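The block underneath contains the structure these notes are about, expressed in structure tokens.
The values are calculated or read from the model by the stated rules, or taken from the named source; none is laboratory data. Everything numeric in this text was worked out from a predicted model, so none of it was measured. Note that we place each Cβ from the backbone using ideal geometry, even for glycine, and neighbour counts take in every protein chain shown.
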Amino acid sequence: MAELNSNLPPKELLEHIARSCANALSVAGCSILLLNSKKTHLLHVSSHGLGDWYLRKGFIEADKSLPEMLRGEVVEVTDAGQDLRLQFREMAEQAGIASILSVPLQQNGETFGALRVYSRNRRIFSRRDKEFAARMADLSALVLRQIQSVELTTKPSPENQELKPLELKKLVTFAHPSEEQFARLLDFYDIKWLYEPRSFPLQWQDNRIGEMFTPDFYLPELNLYVELTTLKQSLMREKNQKIRHLKELYPEVEFKLLTRKDYSNLLAKYGCGPLAGAKAEGVARVLFGDAQIEEKVRELGKRISDDYASHSLLLVGVLKGVFCFMADLMRHISIPVAVDFLGISYYADASSGVSITRDLDQSIKGKNVLMVEDIVDTGMTLNYILNYLRTRDPASLKVCALLDKRVRRLVQVPLDYVGFEIGDEFVVGYGLDYQGEYRNLPFIGVLKPTTSVPQTERETKKDSE
Ligand code: PRP
């Protein structure tokens with residue numbers, strides 16, 4: 001354990017602890033698990049000797065997985081397949097785990113996780129075993145505290161008593177840089193994520209799992225799994241087959257695949273990725289002409305005027321793309337309206353989150369607010385803004401979007417008024433830009449496809465699975 005006195009990164013130190021603990025106790029495996037901030041779920045953050053499938057068997061609910069742990073107790077299981085205090089008994093049996101010892105990880109008397117050892121043989125753990133495991137848990141807690149940079153001498157306070165879930169990210173090893181970038185994008189828009197928390201068995205042979213699929217991300221607040229792939233479309237056959245299989249076997253699971261092209265297009269929107277800076281070769285075709293837009297805006301204005309008749313209304317637009325639509329829409333609304341604008345920072349490979357670059361001039365408390373957007377694409381911007389505005393107590397909050405690119409949605413956001421639904425095409429004009437240009441076109445057009453995504457990224461081990 002000389003490693004503990006070294007400059008190794010915390011993640012490697014935890015791996016050393018798990019390995020040393022398993023070896024010293026002569027058991028098959030050891031894992032360090034952390035509770036989320038609400039103490040509802042446990043997550044394996046470092047382990048030794050346990051198969052991928054067992055580690056990613058699903059969300060471990062803290063009150064269904066040796067819940068005595070939450071009270072800081074040491075818990076012993078001698079027959080994992082039968083013990084009702086375990087959530088995944090069948091899977092433990094399949095993984096050949098007979099006995100488990102769980103000791104709490106604590107800070108200032110507060111439990112924030114557990115160190116668990118897993119034995120293939122039925123085993124009654126001795127007092128010495130338990131003491132050893134407890135010391136290993138103390139060491140793990142020390143390393144984790146180091147990650148949190150919580151001063152040991154600091155007086156306990158609600159802020160430093162729990163490990164913030166955000167910090168778990170420091171323990172994640174991404175298989176591919178694109179995944180790390182996607183995680184940063186989600187962080188920017190304040191969307192919670194877990195990396196590869198669950199494997200879905202797809203095929204069984206003699207009661208053993210023959211094939212499984214592990215989506216890259218799970219977004220718990222959206223209950224959505226996301227798989228990113230950097231594979232060329234021509235190499236996607238096998239993966240597509242797995243995805244079809246996954247959908248058949250688990251129809252209740254919400255799943256979104258972002259192909260290499262989807263992902264490059266998404267990043268290009270933020271000025272990142274392989275298509276960043278690619279020169280557009282002009283407009284390929286007109287999607288909606290000025291007369292068509294005018295008719296649609298008039299129709300939206302009429303519906304809004306009818307719905308808000310005898311109410312006051314504040315239109316809030318998000319800069320900049322909305323300015324043409326907002327200017328026309330307000331002129332087709334026949335009831336009195338006030339207008340205001342929000343500006344937000346832009347994701348460009350940033351590590352911090354969204355910031356409001358231009359705030360509203362007025363209070364929206366008790367007012368009827370209609371958010372106006374030129375386009376809703378992934379839904380991440382609107383989701384962030386709606387959450388922001390909700391904290392300011394408007395009497396009502398609705399959304400009017402001229403364009404709805406639903407096919408690319410990641411976050412489901414409620415749209416009350418929609419002009420046109422469009423496909424997965426890059427549109428410009430009538431306020432919408434590509435790298436700052438084309439906003440002044442009087443129509444909405446589709447850009448000529450940019451040069452194809454160069455094959456820059458190595459295919460990962462996982463992609464070729
Ligand atoms: C557009 C649009 C939305 C956002 C929607 O703004 O005005 O605010 O994209 O995208 P999302 O649903 O994927 O979050 P953009 O970032 O192009 O800036 P701009 O309005 O200044 O052109």
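Of note:
- Test for Tyr417: is it within 11 Å of the ligand (Cβ to nearest atom) and over 13 Å from Gly321 (Cβ atoms): no
- Candidate set: segment 91-129, residues that are of a type in the set (Val, Ile, Thr) and assigned to a strand (DSSP E or B); chosen: the one surrounded by the fewest Cβ atoms within 10 Å (Cβ to Cβ): Thr111
- Looking across segment 16-41, the residues that are buried (at least 17 other Cβ atoms within 10 Å of the Cβ) and modelled with pLDDT under 90 come down to Leu34, Leu35, Asn36, His41.
- One residue from Ala401, Ala327 being surrounded by 14 or more Cβ atoms within 10 Å (Cβ to Cβ) and within 16 Å of the ligand (Cβ to nearest atom): Ala401
- Residue in segment 341-350 that is within 20 Å of the chain's Cα centre (by Cα) and away from the ligand (no atom under 16 Å from the Cβ) present: no
- Filter pass, Asp374 being part of a loop (DSSP other than H, G, I, E, B), modelled with pLDDT of 95 or more and farther than 30 Å from Lys232 by Cα: no
- Residue count, segment 216-236 (criterion: touching a helix residue (DSSP H, G or I) at 6+ places or on another chain (Cβ under 8 Å) and closer than 17 Å to Leu185 by Cβ): 8
- Those residues of segment 49-72 which are in a loop (DSSP other than H, G, I, E, B) and aromatic (Phe, Trp, Tyr), in sequence order: Phe59
- Neighbours by Cβ (under 6 Å, 6+ apart or cross-chain): first from segment 86-104, free of Cβ contacts under 8 Å to residues at least 12 places away in the same chain; second not hydrophobic (A, V, I, L, M, F, W, C): Arg89/Gly81
- Here Leu300, Leu266 are screened, and the one residue that is within 16 Å of the ligand (Cβ to nearest atom) and either crowded, with 20+ Cβ neighbours inside 10 Å or touching a residue at least 24 places away in the same chain (Cβ under 8 Å) (or both) is Leu266.
- Positions within segment 213-242 being more than 13 Å from Phe255 (Cβ to Cβ) and surrounded by fewer than 20 Cβ atoms within 10 Å (Cβ to Cβ), in sequence order: Pro220, Glu221, Leu231, Lys232, Gln233, Ser234, Leu235, Met236, Arg237, Glu238, Gln241
- The requirement of being surrounded by fewer than 15 Cβ atoms within 10 Å (Cβ to Cβ) and closer than 24 Å to Met371 by Cβ is not satisfied by Pro251.
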